[in-house]
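Heads up: the structure comes next, in structure tokens.
The values are calculated or read from the model by the stated rules, or taken from the named source; none is laboratory data. This is a predicted model, so every value here is computed, not measured. Because the Cβ atoms are built from the backbone with ideal geometry, glycine has one as well, and the counts that use them run over all protein chains shown. Areas reflect the complete protein model, heavy atoms only, side chains present, ligands, DNA and RNA absent. Shrake-Rupley method; radii C 1.70, N 1.55, O 1.52, S 1.80 Å.
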Amino acid sequence: SEAHGYDHRLSYRLLLYSDAIYCRPRDVLRWDCPVCDALPAFAPLGLAGNVSEAVLALVGYDAALGAVVVSFRGTVLGGGIPDARGTEPTSWGFDPGRGTVRRSSVRRYDSMRAALHPLVARAVAVAHPSAPVYLTGHSLGAGQSLIAAADLPAAFPRAAFSVFAFAPYRQSDE
């Protein structure tokens, strides 16, 4: 693959992380699940989440990639997460006039942000301050990874962030 081109192996590896976060949290922390077996070079550092907002993120270090991986879990509820009040757009995390995101998406991300930042800091310290940081997820998790991409680089300016969002739900009506 080229330096900034599509890399199928990397994409597939990060897709597996997007799958692993759906396993039971205690199994994910022990890195002991069927999907986990396919990624033996990964060392989980912790989980950040909020039960009432149905969000969860896994943070760890993948020695095979020499990178930090942050995987956000997608929707696990049968009927999705209805939130009629949260559809209004906000410019949180973006320069005014450059984009908006639904308030409910920001609220969900904010509900785990205080726990997420220290885990990412620890993972970056394990890796290297300029190591790649891959943000990934599926559906709701993909949307959360996009919001994290607007938030985390300011806190970790030396890290190189990349997003691999698989089937992200719509973040805004714009």
The range 2-43, residues that are assigned to a loop (DSSP other than H, G, I, E, B) and of a type in the set (Lys, Arg): Arg24
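For the range 24-43, which residues satisfy the criterion of being among the aliphatic types (A, V, I, L, M) and open to solvent by 60 Å² or more (accessible area, probe 1.4 Å)? Step through it out loud before you land on a result.
We begin by selecting, within the range 24-43, every residue among the aliphatic types (A, V, I, L, M); these are 28-29, 35, 38-39, 41, 43.
Scanning the range 24-43 gives a single hit, Leu29.
Tell me the residue from Val35, Val55 that is in contact with a Cys (Cβ under 8 Å, 6 or more places away or on another chain) and within 23 Å of Pro168 (Cβ to Cβ), please. Spell out the reasoning first.
Working: Val55 fails: in contact with a Cys (Cβ under 8 Å, 6 or more places away or on another chain).
Result: Val35 is the single residue among Val35, Val55 that is in contact with a Cys (Cβ under 8 Å, 6 or more places away or on another chain) and within 23 Å of Pro168 (Cβ to Cβ).
Please verify whether Ser11 is open to solvent by 40 Å² or more (accessible area, probe 1.4 Å) and either touching a residue at least 12 places away in the same chain (Cβ under 8 Å) or within 15 Å of Leu116 (Cα to Cα) (or both), treating the condition exactly as stated.
no
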Can you report the number of residues in the range 44-72 which are open to solvent by 20 Å² or more (accessible area, probe 1.4 Å), under 13 Å from Tyr17 (Cβ atoms) and over 13 Å from the mean Cα position of the chain (by Cα)? 4
Might you check whether a residue that is open to solvent by 30 Å² or more (accessible area, probe 1.4 Å), at pLDDT 90 or above, within 11 Å of Ser71 (Cα to Cα) and aliphatic (A, V, I, L, M) occurs anywhere in the range 163-170? yes
Val106 open to solvent by less than 40 Å² (accessible area, probe 1.4 Å), closer than 23 Å to Ala154 by Cβ and modelled with pLDDT of 90 or more: no
Within the range 117-148, which residues are in a helix (DSSP H, G or I), open to solvent by 20 Å² or more (accessible area, probe 1.4 Å), under 24 Å from Ala41 (Cα atoms) and without any contact (Cβ under 8 Å) to a residue 60 or more places away in the chain? His117, Pro118, Ala121, Ala125
